[in-house]
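The structure appears below as structure tokens.
The values are calculated or read from the model by the stated rules, or taken from the named source; none is laboratory data. Keep in mind that this is a model prediction, so the values were computed, not measured. Heads up, the Cβs are rebuilt from the backbone with ideal geometry, glycines too, and the neighbour counts pull from every protein chain shown. These accessible areas exclude ligands, DNA and RNA; they are computed on the full protein's heavy atoms, side chains included. Shrake-Rupley method; radii C 1.70, N 1.55, O 1.52, S 1.80 Å.
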Amino acid sequence: MSNSNVNMVAPPEGVVGEGFFATKLNDVVGLARANSLWPLPFATSCCGIEFMATMASHYDLARFGSERVSFSPRQADMLLVMGTISKKMAPILRQVYEQMSEPRWVIAVGACASSGGIFDTYSVLQGIDKVIPVDVYVPGCPPRPEQIVDGVMKLQELVKSESVRRRSSPEYQELLASYNIS
């Protein structure tokens, strides 16, 4: 097997010379973060089953640096909310989000997490973006594993391009304040 068939992560743009490579710190940190996301699955219904398939050998989310699934918010940086979230469960979801350390990212997987899905009732939260900020929405009821992988890849692109200082910016602090998160 030749090395040309192996898909490698491309290095960030930089200056190459004999014996050195120079680039921007933002690019290196973004590349490292994007390829080492630690997922925390918050699965409540059928979307969780699709996520299990995503982690299995056929789809293998480990190819993207997400093989270490964490069930502790303090050891994860990517929250995947999958399935129906009731209004009684919303404070627990928010608590899990707040226990995650910065930088942290959220993917809303499926119609229920994104918009309440077919459950337009008094007891179902009509989208998790009512209680926590969401970075990527994955559509579907339930979404196929390929869609979940696509959502993770979209999040990786967002993480790669994010400035190291974004989390301390006034805009980000204002976003958190709009959710009453300090």
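Of all residues in the stretch 63-108, which are out of contact with any Pro (no Cβ under 8 Å at 6 or more places or on another chain), open to solvent by less than 10 Å² (accessible area, probe 1.4 Å), under 10 Å from residue 40 (Cβ atoms) and not aliphatic (A, V, I, L, M)? Residues satisfying the conditions do not exist here.
Does the stretch 109-128 contain at least one residue that is modelled with pLDDT of 95 or more, assigned to a helix (DSSP H, G or I) and either in contact with a His (Cβ under 8 Å, 6 or more places away or on another chain) or exposed (fewer than 13 other Cβ atoms within 10 Å of the Cβ) (or both)? Within the stretch 109-128, not a single residue is modelled with pLDDT of 95 or more, assigned to a helix (DSSP H, G or I) and either in contact with a His (Cβ under 8 Å, 6 or more places away or on another chain) or exposed (fewer than 13 other Cβ atoms within 10 Å of the Cβ) (or both). Under 26 Å from residue 46 (Cβ atoms), outside any helix (DSSP H, G or I) and open to solvent by less than 20 Å² (accessible area, probe 1.4 Å): does that describe residue 148? No; evaluated as a whole, the condition is false for this residue. Of the strands (runs of 3 or more DSSP E) lying entirely inside the stretch 1-106, the ones with 2 or more residues being free of Cβ contacts under 8 Å to residues at least 40 places away in the same chain are found at 15-17, 20-22. When the residues of the stretch 151-167 are filtered to those that are open to solvent by less than 90 Å² (accessible area, probe 1.4 Å) and of a type in the set (S, T, N, Q), the one that is modelled with the highest pLDDT is 156. Filtered by the rule that a residue be modelled with pLDDT under 95 and over 16 Å from residue 117 (Cα atoms), the stretch 132-143 gives no residues.
Looking only at residues in the stretch 129-138 that are of a type outside the set (A, V, I, L, M) and over 19 Å from residue 49 (Cα atoms), the one that is surrounded by the fewest Cβ atoms within 10 Å (Cβ to Cβ) is 130. Would you call residue 132 in contact with a Lys or Arg (Cβ under 8 Å, 6 or more places away or on another chain) and either in a loop (DSSP other than H, G, I, E, B) or of a type in the set (Asp, Glu) (or both)? So residue 132 fits the description; yes.
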